[in-house]
1. In nm, what is the difference between 0.36 nm times the number of residues separating S57 and K14 and their Cα-Cα distance?
2. Output the 0 to 90 degree angle, nearest 10, between the alpha-carbon long axis of helix 3-13 and the longest principal axis computed from the alpha carbons of the chain.
3. Using a probe radius of 1.4 Å on heavy atoms only, what accessible surface per residue do you get for the chain? Whole Å² is fine.
4. I want to check the label-to-label distance for K23 and L44. Put each point 7 Å from Cα in the C-beta direction and report it in nm to one decimal.
5. Quick check: the angle from helix 44-54's long axis to the longest principal axis of the chain, C-alpha only, nearest 10 degrees?
6. Cα-based count: Lys pairs in the chain below 18 Å, eight or more positions apart or different chains?
7. Can you send over the carbon and sulfur percentage of the accessible area for the chain, probe radius 1.4 Å, protein chains only?
8. In the chain, with Lys and Arg counted as +1 and Asp and Glu as -1 at Cβ, which of these residues, P42, I7, I65, has the Cα nearest the positive end of the dipole, that is, farthest along it?
Amino acid sequence: MKFSDKIKELRIEKGLSQSALAKKIGASQKAVDYWELGINEPKLSYIMGLVEAFGLSYDEFFSDIDNPSK
């Protein structure tokens, strides 16, 4: 699974709009949109916020994300 798809899937699963997720983690709605479109990837501080907002461990969050270096 792509990182962008994972963010979108979890956001929808939690019933959050892009704006609501952005507000929860201190980002802009446009940033969340860009992450979901695969245009940009979040900085580590936002990844930490995403993991917390989705109520997951880091292992759970990254478990099925494709590793582009493989």
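1. Gain on stretching S57 to K14: 13.9 nm.
2. Rounded to the nearest ten degrees, it is 50.
3. Per residue, the chain has 65 Å² of solvent-accessible surface.
4. Distance between label points: 3.0 nm.
5. For helix 44-54, the angle is close to 80 degrees.
6. Lysine pair count for the chain: 15.
7. For the chain, the apolar C and S fraction of the accessible surface comes to 50 percent.
8. Value computed over the given set: P42.
The values are calculated or read from the model by the stated rules, or taken from the named source; none is laboratory data. Keep in mind it's a predicted model, so treat the numbers as computed, not measured. Note that each Cβ is placed from the backbone with ideal geometry, even for glycine, and that neighbours are counted across all protein chains shown. Side chains are part of the model used for accessible areas, which takes the heavy atoms of the whole protein and leaves out ligands, DNA and RNA. Shrake-Rupley method; radii C 1.70, N 1.55, O 1.52, S 1.80 Å.
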